[in-house]
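Q: Sharing a structure with you now.
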Amino acid sequence: MRTPPSRRAATAVPPPPPNSGGARSRAPDRLPGDVIIAALAPHIRFSDHLAHRVVCRSWRRSCRLIGRAPPPFPWLMLPPPAPAAASAGPPGAPQRRVFYDIPGGRSYAYPVPASRRYLASRGGWLVLAASDPPRRRLELLNPITGMVVPVPWPFGEDPTTEGFHAVLTASLADPGCILAVATDRLVRYCRPAVRGGWATLRAPGFRYDTACSDLVSVGATVYLMDERRKLWRADLAAAEPKVERRDTAFALPQMLAGESARWRHYLVESLGNVLLVVTDDHHRRVGLYKLNWNMRLWVRMPASGLGDMVILLGRGCSAAVPASAAAGRAPGTVLVARQPWRSTVQQMGLNFCGGGGGGGEQPWFWTETRLGTGLEDDQLVVRKTVPQRPGEFTAGDSFWFFPAIDKMDCPPRQDGAA
């Protein structure tokens, strides 16, 4: 007859399951609030996190565990305030800048140092130039968190180098992030996340132009294009980076009589491809081309080739983003940030922008048009503004900003886990 187990044996802890090696399993380090945050996660938007990210340490930790997907549609950083509305301060003092969420129709204000020149945006960071001697340098700024990473001036003591393009290959939270700048016949790059120094590559023949040259990255590979539509490419993550050149120049249709003979060129990365968008100064004619590097060709691309994408254009901030996040805008829509000071045509007195506040008109900040069947076809261009007080903004440049918050914005867990 089987003897019933004793009371002590019945209440003993059961042995570990087979193949566990006898190791003690430990439940995940969770707090009571994690369950609440997990339940709310599908309903917490990026803007909600911005509003409540400083509630408490536990909240920030829980938000870090569930992740904070950035908004799929970039914000538009509006021009600085008019002199009458700006607070007086020394050069480089923080200045309130408005970031406008176009699909959401909401504005956010963050301090950005005054007298800084905008160069590029990526992964929540702005690349700014403080070119006033003797403290000439670059600055990487996350306006949401207020973090600033200074970077030495890439051109040493050379006072003649003022015009150049810049690009970040990734967010600064990525150790492989590379900051690259390009000017006449020269490419320089560094790794700001590890405080690396500048390295130099020669790009023979490349000519910088404010409106007609551009720089874009696909991963760690950067592409440069000048006003002749010739290309240079370099893989900056290679052990020994080298610059390759392709003559991809092609003729564009003649402009109508009496119009400017200049086209604006924008390089855009989309799903690992390099796109070239060509527009006139009025953005009434927009052409789209896809790069075939091996064939040395820019291949004409119809709007349908974009799929579910809209194009954002701006010097140092062009991108392709899902149309589903663009508040009803159809695929093939092109939004161009107004940048009157980024056009050499502006300096020649052919400024299309107008509306800088003269005659009581509120300044506008971006235009919207559609990709047509060809550069010969005129498209309807709609100027866009935002709710504002008269005289609140200057007629300066607007830029696309890609908001994000890096992991470094959240405190580490008590157990030291990432």
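The values are calculated or read from the model by the stated rules, or taken from the named source; none is laboratory data. Treat the numbers as computed from the prediction; the structure is a model and nothing was measured. When we count neighbours, we look across all protein chains shown, and the Cβ atoms used for this are built from the backbone with ideal geometry, even at glycine. We work out accessible area using only protein heavy atoms, side chains counted, and drop any ligands, DNA or RNA first. Shrake-Rupley method; radii C 1.70, N 1.55, O 1.52, S 1.80 Å.
Q: Take PHE155 and decide whether it is in contact with a Ser or Thr (Cβ under 7 Å, 6 or more places away or on another chain) and either touching a residue at least 60 places away in the same chain (Cβ under 8 Å) or open to solvent by 20 Å² or more (accessible area, probe 1.4 Å) (or both).
A: Numbers: in contact with a Ser or Thr (Cβ under 7 Å, 6 or more places away or on another chain): yes; either touching a residue at least 60 places away in the same chain (Cβ under 8 Å) or open to solvent by 20 Å² or more (accessible area, probe 1.4 Å) (or both): yes.
Yes; evaluated as a whole, the condition is true for this residue.
Q: Can you name every residue in the range 167-182 that is surrounded by fewer than 22 Cβ atoms within 10 Å (Cβ to Cβ) and either part of a strand (DSSP E or B) or of a type in the set (Asp, Glu) (or both)?
A: ASP174
Q: Let me ask something else. Test VAL187 against the criterion of being assigned to a strand (DSSP E or B) and either open to solvent by 40 Å² or more (accessible area, probe 1.4 Å) or acidic (Asp, Glu) (or both), and give yes or no.
A: On the way: assigned to a strand (DSSP E or B): yes; either open to solvent by 40 Å² or more (accessible area, probe 1.4 Å) or acidic (Asp, Glu) (or both): no.
Criteria not met by VAL187.
Q: If the Cβ limit is 7 Å and pairs must be 6+ apart or interchain, which residue in the range 296-317 that is over 28 Å from SER398 (Cβ atoms) pairs with which residue that is not aromatic (Phe, Trp, Tyr)?
A: As it stands, the answer is ARG296/ARG246; ARG296/ASP247; ARG296/THR248; LEU297/THR248; VAL299/LYS290; VAL299/ASN292, since those pairs meet every condition given.
Q: Turning to a different aspect of this structure: Restricting to the range 199-219, count the residues that are assigned to a loop (DSSP other than H, G, I, E, B) and farther than 18 Å from ALA120 by Cα. Don't jump to the end; show me each part of the working.
A: First, the residues of the range 199-219 that are assigned to a loop (DSSP other than H, G, I, E, B): 203-213, 219.
Okay, now just the ones that are also farther than 18 Å from ALA120 by Cα, so 203-207.
Looking only at that region, the number is 5.
Q: When the residues of the range 241-262 are narrowed to those that are out of contact with any Lys or Arg (no Cβ under 9 Å at 6 or more places or on another chain) and modelled with pLDDT of 85 or more, which ends up surrounded by the fewest Cβ atoms within 10 Å (Cβ to Cβ)?
A: Step by step, filter the range 241-262, then rank; the result is LYS242.
Q: Is at least one residue of the range 309-318 surrounded by fewer than 20 Cβ atoms within 10 Å (Cβ to Cβ), at pLDDT 85 or above and on the phi < 0 side of the Ramachandran plot?
A: No, there is no match, as no residue in the range 309-318 is surrounded by fewer than 20 Cβ atoms within 10 Å (Cβ to Cβ), at pLDDT 85 or above and on the phi < 0 side of the Ramachandran plot.
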